Structures are given as C-alpha cells and as structure tokens.
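Notes for the one structure printed next.
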Amino acid sequence: MDITLANIGYSDWVSRHDTRTEDDRRRIRHHINALPYRPLISILMPVCNPPAEFLGKVIASVQRQLYQNWELCIAGDASIDPLIRALLEQAARDDTRIHVSFRPFNGHLSVASNTALAMAQGEFVALLDQDDEFTEHALYHLIVALNDNRELDLLYGDEDKIDANGQRFGHYFKPDWNPDLFLSQNLVSHLGAYRRKIADAIGGFRQDYEGAQDWDFALRFVDVIHADHIHHIPHVLYHLRAIVGPTTVEIDAQQHTFAPAQAAALQDHWRRRGIALTVVAVAAGRCTTSLPLPVPAPLVSIIICTRNRVDLLRQCVEGVTQKTDYENIEIIIVDNGSDENATLVYLDSLRASGAARIVLHPAAFNFAELNNLAVQQAQGELICLLNNDVVPINSEWLTEMAAHALRPEIGAVGAKLYYPNDTIQHAGVLLNGVAAEHLHLGYKRSSVGYGNRACLAQNYSAVTAACLVIRKSTWEEVGGMDETFAVAFNDVDFCLRVRRQGYRNLWLPQVELYHYESASRGKEDTPEKCKRFLAEVELLQKRWGRMLANDPAWNPNLALSGERIGLASPPRISQPWRATF
C-alpha cells in the first residue's frame, strides 16, 4: 500500500471543508467580538534572507488574520540582504503592529528567536518560520480555545504544505496530546502557541541547538507545565512552504545536519527526568530511543496460551529462549485442551526440562480467562502476553518493552507485528466508531506510514495483546481482563480500562515480531463465531461508545480506517463559528 493514498482528494476536501466564504468571515468576526477574552498574541519570526516574494506572503498571512489583536516581532541578523531589510522596514512603517529588530551580529535562529521573544508583549507567543504562512483563521482558533479554558499554556494545531504556487498538499492531522509521540517528533510545531511568561521563565531558546531549537524549547516548556494545560486544535492552522532551496528546514537532504541537535535536545529532556537515555537513530525529523533497564532487571512472566499446533508453539518458545537477550524470565504455557500427541510430548519435555511451567485449562476457549488464570500464578513484576503464533525478529524486543513498562506513567506496552509476507499486522489500535481495528494494516514493512506514525513510538488508546507487556500491579489494579470478552476485544477493553486509571498505553515500533494471526484458532467463519463476535462488538459499544467515536490518538479529519488512511468527509468536528452563529 502506498502512503500517497492519504493525499488523494485533498484539494477537493479543502474546497468542501476548509475554504471560508465571506459569510464565514463575517460570522468569525461576529464571534470574535462576542468573546470576553481577547489577549494580544505575539508572533515570533526570525529572518535570515528568505526569498523576498515568500517573505511578503508570510507577512500578508499575518495581516489577513481574522483575529486582529496581534503583533509580529521580527528579528534579522547582521548579514541580512539589503532588499530584505528594506522590505521589513517598509512593513513596519505601514503597520504599527509589526516590530523589526536588526541584530548587530549574526546569532542564527536561536539568538534571533530570543531577540524576537524579548520584543514580545503578548500573553502568548506563536512561532512562524520566515517562508511559511498562517491560515487566516489560525489565531481565531487559538482564542476560541483560550476562551473555553483560560488555564491553557500550550496550544498546537494541524498543518499542511504549500508549493510555490500556493497549492495545498501533504496534510498532517495530528492526535490530541500524545506525550510519547512528542518525544519522537516535534508534534507541537506548526502551529504552536506558548504562554509568554513561561517561555521567559525557561530562558527562551538555547544556543547550540540549531535546527532543533524549537523542539528543545517545546521540550523544556512541557517539562514545567501540566498535561491538562496542553490543547490540540484539530484544524489546519499552518502552511509549511515546500520549496527547493536552502531556506526551508523541511528539505530531507538537510535533515542530517540537525540530527545531533535533535538527539541532544531529547537526551537533555530525559536527563532532566533522571534517565540516561540513548538516541538510537535520528532521521527526517524523527527519533528512536532506547531506555536503560534497572540492575538487576525484574523478572518477566511470559504467558503463552496454546492448543495443539506444536509447530507454532515450538517456534514461539524457541524465539523466546534462543532469540531474546532478556535473561530474567519465566515462561508459563496455558494449555487449553491440547489433544494432539506431538503437542503433548512437547509440553511434557518443556515441563521436564524446567523451561516452562504448564498450566492445564481444558475448558471452552476464553482468551481473557486463560490469561487471568496465568497471571494469578505469575511471579514476575512484569507480565508479557505472547500469542503462540508470534515469533521475535530482534533479540532486544523484551528489553525494550520491559524498560518502558517500568515507567510509572505507562500502562500496556505493545509491539510492531508483521505478517509473514512483511506487511504490517499491528502498529497500534484505532478506535473506529464501531469497535476497533489495527492501524497501517497491510502497509509494507518499510513504510513510514501517515505522518511517520508507523515508525514512531507513541501513545495509543489500545494495543494488541498478541504481544503486550505490563506491570503485574497495574494488571491487578484494573482487575485483569474482562472474561465477558471471550475472544475479541478483550485487549481493547483492557487497555481502555488501563487508560481510564490514568496510565498511558504505549506502542514501540522498534520492537518487531512476526505474527501468524489466528493460525491456531482459525477465522470467524461460522454462524456461532459470528454471533459471538457481534455480541462482543455490542458489549464494547455499550461500555465505550463515546470513546470509540472520539479516539484521542487519531484526528476527526481522518477517516476511521486503519487499512486505508484517508480523509473524513465530512470531518467529525464542527467549525466553532458555525456552531455559535
């Protein structure tokens, strides 16, 4: 599957759902006038010789704002081109809301950004690159959100790209606040708005982080505020200009230049939390990291439910015992009534050698019940649920999962699973309004996915229990799996209950395993199985209906489909001026 499918029809979508009429503008102005809180927004823009035509468009995009209580704080370096200097000086003469400062020496982006920040008088500051554009209702959306919640400190919106002709493409509709995705990419840039007194308190932008100065600033900002004070606006507020040339940091060829700064910013963030994290890879604005384990590493109880199919079970067990670098484990195999001689002989051999404990439970298949039974007997601090048809690819899979599962804020930790043909079987779970499905299902193993999300660690509402690690204490806190969900959605319900307890569920793309899905149980292809499946769907809807329709890990502008990621038409969100006036 080609990720370009996600962009098919975007121009039509923009025309239908993201183009404002004169009546819309009138309603927006009316709404603005009715809002009790209308703070000054300071827009910070460091400038270093962009093409004059694009700089003019950037300034015009600010002047077109339907919310007019703004100031534009522009800081230029000493080496600025005379033509650009003249353009900026003229803009400041023509509009008293535009303030320009020319530095006597070159300081690059961080220093120039601090110069702009020092000029700011607004309660909030918004960041704008020198060749990008705001949408005309960008600041309006910020103000609407601030009127809904005066305690917000950080707001961010969705974004897309524009070419030299102003054609829109390359949308990125983001999730609601997703802390672990933010630690993999700068989720809040474009458009990000920050409470100024906090921006000043943390010291603004740091030097020596060129190319990652905005992310470093955001990381330090987030460190000192409460997550409840961060708000996502699910509307395109910002256009990144995609041009060929040296003026935009979005050019892939330049990304390697910024990799050390990105790694340093991320390592600093974790160091402030007392963790010596290793940045494994930085590519195209995304980071992969590795957390250290405590010494000694805690015992992990690996639970494998099985029935017959010794070929699958042996492959799974050997993957754990021979292809796993995590040593402090116990294996608990729950035999759900195997009656094939080869399987029984193999189970006896595992029992005799001490390689695994065998728990017999020859009742009707109930995945939740089998795992609950095994967890009761598990001695590990961590529990790993592992399907008998799952085989590790990389040896560090359990080390990675255990390290993150030990984080006190994390609940269930999931893995990236592939079909044997190297297409994605699981890359997080999407709540699709009816029930749940796997994201990026069927995409090639090499695909980065929508918004790079098939290759970035992030929080999802749920992950599959085919390979899941969680603290035993958290399992017990939520009461284990609900045995009413005998086959389907027991993991989804479990993860949602974990989330309700205040934990974040986490998906790790660097943890890779093959999954021969349903190879031992078969498909939902009989009337009895279909009836049971529909009953489980109904129960999931009854318990989680509102959540199913509003997955915070997704976006209301995206279709509720994990296999074919595209646009929702119409979006599942209304425009505030249409709802109000």
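Values in this text are rule-based calculations from the coordinates and carry no lab data. In this text, all values refer to a predicted model and were calculated from it rather than measured experimentally. Glycine also receives a Cβ, built like all others from the backbone with ideal geometry; neighbour counts cover every protein chain displayed.
Results, tabulated for the structure shown:
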item: Ascending count of other beta-carbon atoms within 10 Å, so fewest first, for GLU136, GLU400; result: GLU136, GLU400
item: Computed over the chain: relative contact order in percent, which uses C-alpha pairs under 8 Å that are six or more apart; result: 14
item: Using θ = phi - 60° and Karplus 6.51 cos²θ - 1.76 cosθ + 1.60, couplings along the range 453-464 (whole Hz; Gly, Pro as x); result: 6, 7, 9, 10, 4, 6, 8, 10, 5, 8, 9, 6
item: Extreme residue, positive dipole direction of the chain, given options GLY442, LEU146, HIS31 (C-beta unit charges); result: HIS31
item: Compactness relative to 2.2 N^0.38 Å, alpha carbon Rg of the range 325-378; result: 1.19
item: Partner lysines for LYS174 [C-alpha distance under 30 Å; skip if fewer than 8 residues away on the same chain]; result: LYS57, LYS161, LYS197, LYS416, LYS444, LYS542
item: Inverse of mean 1/r across different Cα pairs in the range 3-66, Kirkwood, Å; result: 15.4
item: Kirkwood Rh in Å, taken over the range 442-483 so that all alpha-carbon pairs contribute; result: 13.0
item: MRE, 222 nm, helices only [DSSP H, n ≥ 4, -39500 (n - 2.57), over the chain, to nearest 500]; result: -10500 deg cm²/dmol
item: Amide hydrogen neighbours beyond the local backbone of VAL47, cut-off 5 Å, H modeled; result: ALA75, GLY76, ASP77
item: Debye intensity ratio in log₁₀ form over the Cα atoms of the range 276-407, taken at each q of 0.14, 0.18, 0.22 Å⁻¹; result: -0.66, -0.98, -1.34
item: Amide H within-cut-off set for HIS235, under 5 Å, with H built and near neighbours excluded; result: ASP158
item: Rel. contact order, % - alpha carbon contacts under 8 angstrom, at least six apart, the range 300-549; result: 24
item: Förster radius 45 Å - calculated FRET efficiency between ARG314 and GLU123 (Cβ-Cβ, nearest 0.05); result: 0.10
item: Extension reserve of the ASN328-THR423 stretch, reckoned as 0.36 nm per residue once the Cα distance is removed; result: 31.1 nm
item: Percent of alpha-carbon pairs separated by more than 44 Å within the chain; result: 25
item: The range 22-247 - charge dipole about Cα centre, Lys and Arg +1 at Cβ, Asp and Glu -1, debye rounded to 20; result: 560
item: Shape box of the range 63-148 [Cα atoms, principal axes, largest first, Å]; result: 43, 25, 21
item: Label point distance in nm, ARG271-GLU483, each placed 7 Å from Cα along Cα→Cβ; result: 5.2
item: Nearest 10 degrees, 0 to 90: helix 367-377 Cα axis against the chain principal axis; result: 80
item: Relative contact order, percent, the range 414-458 [alpha-carbon distance under 8 Å, six or more residues apart]; result: 28
item: Two-decimal Rg/Rh across the range 471-510, once Rg and the Kirkwood Rh are taken from alpha-carbon atoms; result: 0.99
item: Volume per residue that the Cα convex hull of the range 300-549 spans, once the total is divided by residue count, Å³; result: 119
item: Inter-label distance, nm, simple model (7 Å from Cα along the C-beta direction), GLN501/LYS531; result: 3.5
item: Spin-label model distance (nm) - ARG546 vs ASP348, 7 Å beyond Cα toward Cβ; result: 5.7
item: Estimated FRET transfer efficiency (LEU539, HIS361; beta-carbon r; R0 25 Å; 0.05); result: 0.65
item: Sorted by Cβ density within 10 Å, fewest first, the residues LYS323, LYS416, LYS542; result: LYS542, LYS323, LYS416
item: Å³ per residue enclosed by the Cα convex hull of the range 396-510; result: 109
item: Under-5 Å amide H pairs with GLN458, H placed in peptide plane, nonlocal only; result: TRP507
item: Zone residues, the range 377-399, relative to LEU293, backbone N less than 15 Å from point 7 Å out along Cα-to-Cβ; result: 380-384, 394-399
item: Inverse of mean 1/r across different Cα pairs in the range 22-247, Kirkwood, Å; result: 17.7
item: Relative exposure of CYS530, CYS305, judged by other C-beta atoms within 10 Å (fewest first); result: CYS530, CYS305
item: Computed E for GLU396/SER473 - FRET, C-beta separation, R0 22 angstrom, nearest 0.05; result: 0.35
